[in-house]
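The values are calculated or read from the model by the stated rules, or taken from the named source; none is laboratory data. In this text, all values refer to a predicted model and were calculated from it rather than measured experimentally. As a convention, Cβ positions derive from the backbone with ideal geometry for all residues, glycine included, and neighbour counts pool all protein chains shown. The area values use the complete protein model at the heavy-atom level, side chains included, leaving out ligands, DNA and RNA. Shrake-Rupley method; radii C 1.70, N 1.55, O 1.52, S 1.80 Å.
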Amino acid sequence: MPDEKLPLALSVGDPSGVGPEIAIAAWQARDSAGLPPFYLLADPALIDARARRLGASVAMVETTPAKAPEVFVHALPIVPLAARSIDSPGQPDPANAAGIIEAIDRAVADCLGGRAAAVVTCPIAKKPLYDAGFRFPGHTEYLAHLASLHTGADAMPVMLLAGPELRTVPVTIHIALSEVPKALTSDLIVATARITATDLEHRFGIARPRLAIAGLNPHAGEGGAMGAEDEHIIRPAIERLRAEGIDAFGPLPADTMFHARARAGYDVAICMYHDQALIPAKALAFDEAVNVTLGLPFIRTSPDHGTAFDIAGKGLARPDSLIAALKLARRLADSETKAAAA
Ligand SMILES: NC(=O)C1=CN([C@@H]2O[C@H](COP(=O)(O)OP(=O)(O)OC[C@H]3O[C@@H](n4cnc5c(N)ncnc54)[C@H](O)[C@@H]3O)[C@@H](O)[C@H]2O)C=CC1
Ligand SMILES: NCC(=O)COP(=O)(O)O
């Protein structure tokens, strides 16, 4: 249970991406945005180099999680990594993998060790990490692995994109589109929807959340004429969820379930693959949507965008989605604290 005085732990993400500069910009906006205290897990030399490159005048102090809240008022608190990072914006380098992973590891350890209230991650690019031997598809799956290492219990991670007007969950996440039909099972849909319903109720405070379940194929299969998965895999999953008392309905044709009137009828859209969930979320709210990992024994949020190598180091990156991620992490941590105290 997070303590409301604990800071948020922010991992730097890929040093060649926009993570360092959106972290700096978020700290600079702390008062106007009403941000809760956070500390940045990073190589201090990297953050100093990026600030200089951008001509940003920012006070930084190397510190500890415990001292971060008092530092945060006047300087960006940096909890130094053991690994060094290369400042090469736009040029991802597998040599940065050690620092990227150390920052995530330490954020999780701080959170589960009672030193941080929640984990917030700046974006990582997957390919340079794979090239360095990292064997997890992304943060989402790696965080579940870390949770299991720390607690000894298996965790099933669920990706939620949360924006002001829409929440979406992809049932299959970081896999090729050609693999989706094989990976999609009724068991996976049921397990994903259960975790979503539980976390929306207990972490987001939505009593009996309404889950709109998307079909996989055009027109949700058109009665089997355009694919069998909607009737043979998705509909049985919905029947099982309803039998458990979860307010799930569908399968809905995905092309007509995201317009404003349709969205008014549900709290979350459970989608069958990555882009089915992330395209509507980012199209509606690229600067405000937050990536949240459900199903973990700690809170994790992230901006919805990626490393943006094309603009890294140019002073063009907007910190808005990171700011939304920091605020949502604080809100979720505080509601967990209140629920535990009640
Ligand atoms: N949470 C995470 O760690 C995420 C990581 N990624 C990774 O990021 C890498 C790049 O992915 P892309 O598909 O190119 O998506 P991207 O989100 O990095 O960039 C897409 C477009 O949005 C712009 N953009 C992104 N963030 C912005 C910001 N803060 N301010 C202004 N413009 C911004 C970029 O300049 C680019 O034109 C991939 O390797 C992917 O794996 C992608 C999404 C989330
Ligand atoms: N497209 C979303 C994404 O790649 C984020 O993944 P993760 O690194 O948060 O698991």
- Task: Could you please tell me which pairs satisfy a Cβ distance under 7 Å, a separation of 6+ or placement on different chains, a first residue in the range 244-272 that is farther than 25 Å from residue 175 by Cβ, and a second residue that is crowded, with 20+ Cβ neighbours inside 10 Å and of a type in the set (D, E, K, R)?
- Result: 267/167
- Query: Hey, which of the strands (runs of 3 or more DSSP E) in the range 183-272, taking only ones fully inside, have at least 3 residues that are surrounded by 15 or more Cβ atoms within 10 Å (Cβ to Cβ) and of a type in the set (Val, Ile, Thr)?
  - Reply: none
- Message: When you check residue 175 against the structure, is it within 14 Å of ligand 1 (Cβ to nearest atom), in contact (Cβ under 8 Å) with a residue 12 or more places away in the chain, out of contact with any Leu (no Cβ under 9 Å at 6 or more places or on another chain) and under 17 Å from residue 271 (Cβ atoms), yes or no?
- Response: yes
- Query: Just one of the numbered conditions (1) in a helix (DSSP H, G or I); (2) touching a residue at least 12 places away in the same chain (Cβ under 8 Å) is not true of residue 52; which one?
  - Reply: (2)
- Could you tell me whether any residue of the range 32-41 is hydroxyl-bearing (Ser, Thr, Tyr), touching a helix residue (DSSP H, G or I) at 6+ places or on another chain (Cβ under 9 Å), closer than 23 Å to residue 333 by Cβ and assigned by TED's automatic domain parsing to the domain that holds residue 145? yes
- Message: Within the range 72-92, does at least one residue satisfy the condition of being open to solvent by less than 10 Å² (accessible area, probe 1.4 Å), in contact (Cβ under 8 Å) with a residue 60 or more places away in the chain, closer than 22 Å to residue 287 by Cα and within 15 Å of ligand 1 (Cβ to nearest atom)?
- Response: no
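Let's see how each residue does on (1) touching a residue at least 12 places away in the same chain (Cβ under 8 Å); (2) under 22 Å from residue 336 (Cα atoms); (3) small (Gly, Ala, Ser); (4) within 14 Å of ligand 2 (Cβ to nearest atom):
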position: 103; (1), (2), (3), (4): yes, no, yes, yes
position: 120; (1), (2), (3), (4): yes, yes, no, yes
position: 123; (1), (2), (3), (4): yes, no, no, yes
position: 144; (1), (2), (3), (4): yes, yes, yes, yes
position: 149; (1), (2), (3), (4): no, no, no, no
position: 157; (1), (2), (3), (4): yes, yes, no, yes
position: 165; (1), (2), (3), (4): yes, no, no, no
position: 169; (1), (2), (3), (4): yes, yes, no, yes
- Task: Taking the options 326, 278, 322, name whichever one is outside any loop (DSSP other than H, G, I, E, B), within 10 Å of ligand 1 (Cβ to nearest atom) and in the same structural domain as residue 120 (by TED's automatic domain parsing).
- Result: 322
